[in-house]
Amino acid sequence: MSMYMMVFLRIMLLISLAVMVFDFLRVEQLFIQMDRGFIDGFEVYVTRWPGHIMITIAALFIIANLIQFFRVWKNKRSIKSAFWVAEYDISDERTVQNTHKAVSAAFTILLLYSFLIIGSYMFIPNYFVDYIWYPLFTTASIPIVGLLTYLITYKVLQYK
């Protein structure tokens, strides 16, 4: 359950950051359009909820890490460096092997997915001018795909 929660919090942190950056880029794009003479003026409404969500998720992530830190520190037999990997118990050899295989699979998928996403930027350069969300959210999806690949591969190997 800890692994699901940590991966979910990391994914939500990335999504909330992407939404927050998108809000900034949307306003920046309007300023550029006004500077170039495409529009005369504009009204801006900056939503606050992406920032609130990001702060909440970051606080939950910090709390989960503190809980993990105290659990590791209280256990006399645990390895103290296990605090940095909150997803699993580092003292279990099978878990370490499964993590190695899951990280290898996630890295392979990340390389392939990054290649495809960066290649997709070549086909739609005019799309970026009108729809700034595409490069932002596709770039933000790269670590999300890596995290999901890691989680799925790890769980499949765990239940074998």
>> On C-alpha positions alone, give me the angle between the axis of helix 133-158 and the longest principal axis of the chain, in degrees, nearest 10.
In response: 20
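Determine, for each peptide in 38-51, 139-152, the mean count of other beta carbons within 10 angstrom over its residues, then list the peptides with the highest first. Before the final figure, lay out each step's value.
Details: 38-51: 9.9, 139-152: 17.4.
Put in order of decreasing packing, that is 139-152, 38-51.
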>> Just to verify a number: what accessible area does residue 93 come out at with the full protein assembly present, 1.4 Å probe, Å² rounded to tens?
In response: 140
> Between 33, 68, 97, which gets the highest mean-square fluctuation from a Gaussian network model of the chain, Cα cutoff 10 Å?
Replying inline: 33
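Relative to the present Cα-Cα distance, how much length would full extension add between residue 30 and residue 10 at 0.36 nm per residue of separation? It would help to have the intermediate numbers written out before the result.
Numbers: separation 20, 0.36 × 20 = 7.20 nm, distance 3.07 nm.
Taking residue 30 through residue 10 to full extension adds about 4.1 nm, to one decimal.
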> Using a 1.4 angstrom probe and counting only protein chains, how large is the accessible area of residue 70 in Å², to 10?
Replying inline: 130
>> Rounding to the nearest 10 and keeping the result within 0 to 90°, find how far the Cα-based axis of helix 93-123 lies from the longest principal axis of the chain.
In response: 10
>> So I have (i) 18.0; (ii) 16.2; (iii) 18.5, and one of them is Kirkwood radius over Cα pairs in Å calculated from this model. Which one is it?
In response: (iii)
> Using a 1.4 angstrom probe and counting only protein chains, how large is the accessible area of residue 2 in Å², to 10?
Replying inline: 40
> Where the centre of each part is set by its Cα atoms, how far does the stretch 34-60 sit from the stretch 6-23, in angstrom?
Replying inline: 15
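The values are calculated or read from the model by the stated rules, or taken from the named source; none is laboratory data. Owing to the predicted nature of the structure, the values given are computational and were not obtained by experimental measurement. Cβ coordinates were reconstructed from backbone atoms using ideal geometry, including for glycine residues, and neighbour counts include every protein chain displayed. Side chains included, ligands, DNA and RNA excluded: accessible areas come from the protein's heavy atoms. Shrake-Rupley method; radii C 1.70, N 1.55, O 1.52, S 1.80 Å.
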